[in-house]
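The block underneath contains the structure these notes are about, expressed in structure tokens.
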Amino acid sequence: MLHTDPTPAPAREGLVMTTPPLRILILMSRTGGGHLASARALEAEFLRQNPQASVTIVDLLTDHISFPFSRLPRTYDTLVNRAPRLWRAMWSVTARPAVGGSSSALVRRMSRGKIERLIREAAPDLVVSVHPLVNDLVIPVLARLAPATPYVTVVTDLGGIHPLWLHPDNAAIYLPTAKAVETAMACGLPKHRLHAHGLPIRAEFAAAPPDRAEARRAFGLDPALPAVLVMGGGGGIGPIEAIVDAMAETLAGSGGAPPAQIVVIAGKNARLQARLADRPWPVPVVPLGFVERMSDLMHASDLLITKAGPGTIAEASVRGLPMLIYGFIPGQEAANVDHVVQAGAGLFEPDPARLAAEVSALLVTDRARLAAMAGKARALGRDRATQDIVASILADLPKA
Ligand code: UDP
């Protein structure tokens, strides 16, 4: 199990606790960084709203299903990076109910003992899924072992809602947008079980950001220079070095003071971080490893270059950060591009040279357009999403 926080019930003298703490089991898997980030955001908010609760987050696919399926999370980054067409085919074919249902049934049959053990040991009062692949594996087992335990799903995709998110036996499904609710209704889910509060992001995004110059200093950036943030999800996916190359060259232009600095999240890719740190650059380039304080870093930045990750887009929107999207994971992220571009909060440009020209135009000659995009991004943001989702889940729990 990844994380357990058995926060003890407040032991006030002379007071006998009659209600045992609520046990919440959150099911996620580390395919990308978004599911874990959402799971942690929900965990923190459950504990804020119900300090007596005990919350356990598990990586169901890695730790509670059988080989070889348990290897999917470990191979996911390589698969989506190196074999995107194969991934798109897998995503599309499993979206057909006959294929998705029978594949899940096979994995469930082979993993039943492990899933049953997890449910018996965790003995949850509430199960929360933040991953589409876990629902078909767990819901039928839970229905047999603990039929009174509510199972809810918090969808952590923005545009492309894979049907495996939408198991009909979910007590409730929390979706990111009204459009996603329509998709779920078209799949036969009843409206009263569907809610649209936004995508769960960390509590720090709901707090007022620090002074921008201070935030830039904290990341080793020049406090006075506009900053372009480059990232590719939790796994650092995409042609990040080529993009930084093209941008540095374009921003350096014909010499003179650089109009902007570039901050790059290399994430777990230590080699990329070292390479970027060793190279001489014509404009300031600050490579970082995995960043915990994403809210501050987004606030320190003027423009985000990213793949179309749902978590990143939801966070950047709350921070009013315009987005230039260079790519997307086929399948689940394709519709995220439309979510951003149709709202006017960003642009899609996969070619590094053209993307660099766009960055230069927005930062140097067309600041008014950049400001307009920032306003549209902010309008997309749902900074209370996590609080509202948790409040709604807790309010709907059967009373003891
Ligand atoms: N993230 C982070 N620190 C990093 C890189 C990424 O906290 O150094 C977080 C990011 O803020 C977002 C998540 O990882 O919450 C990435 O999720 P997204 O859905 O954008 O992409 P995924 O990694 O799931 O493909």
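The values are calculated or read from the model by the stated rules, or taken from the named source; none is laboratory data. On a predicted model such as this, the values are computed, not experimentally measured, just so you know. Reconstructed Cβ throughout: ideal geometry from the backbone, glycine too, with neighbour counts over all protein chains shown. With ligands, DNA and RNA removed, areas are computed over all heavy atoms of the protein, side chains included. Shrake-Rupley method; radii C 1.70, N 1.55, O 1.52, S 1.80 Å.
Taking into account only those residues within the stretch 151-184 that are out of contact with any strand residue (DSSP E or B) (no Cβ under 7 Å at 6 or more places or on another chain) and part of a helix (DSSP H, G or I), which is least open to solvent (accessible area, probe 1.4 Å)?
Step by step, filter the stretch 151-184, then rank; the result is L164.
I need the full set of residues from the stretch 194-217 which are open to solvent by less than 60 Å² (accessible area, probe 1.4 Å), in contact (Cβ under 8 Å) with a residue 12 or more places away in the chain and either part of a helix (DSSP H, G or I) or basic (K, R) (or both), in order please.
Within the stretch 194-217, R202, F205, A206, A215, R216 qualify.
Go through the stretch 271-296 residue by residue and tally those that are among the basic types (K, R) and within 12 Å of the ligand (Cβ to nearest atom).
Looking only at that region, the number is 1.
List every residue pair whose Cβ atoms lie under 8 Å apart, where the two residues are 6 or more positions apart in sequence or sit on different chains, the first residue falls within the stretch 75-104 and is touching a residue at least 24 places away in the same chain (Cβ under 8 Å), and the second residue, located anywhere, is basic (K, R) and part of a loop (DSSP other than H, G, I, E, B).
Y76/R30
Under 6 Å by Cβ, and 6 or more places apart or on different chains, what pairs join a residue from the stretch 336-357 that is outside any helix (DSSP H, G or I) with one that is acidic (D, E)?
Hits for this filter: E349/E358.
Restricted to the stretch 236-273, and to residues that are free of Cβ contacts under 8 Å to residues at least 12 places away in the same chain and on the phi < 0 side of the Ramachandran plot, which residue is surrounded by the fewest Cβ atoms within 10 Å (Cβ to Cβ)?
In this case the residue turns out to be S254.
Assess whether I65 counts as being open to solvent by less than 20 Å² (accessible area, probe 1.4 Å) and under 19 Å from S104 (Cα atoms).
yes
Specify the residue that is nearest to A207 (Cα to Cα); the eligible residues are those in the stretch 297-317 that are within 11 Å of the ligand (Cβ to nearest atom) and open to solvent by 10 Å² or more (accessible area, probe 1.4 Å).
E315
Could you please let me know if S38 is within 14 Å of the ligand (Cβ to nearest atom), buried (at least 21 other Cβ atoms within 10 Å of the Cβ), among the polar types (S, T, N, Q) and within 11 Å of the chain's Cα centre (by Cα)?
yes
Answer with yes or no whether V244 is within 11 Å of the ligand (Cβ to nearest atom) and at pLDDT 95 or above.
Criteria not met by V244.
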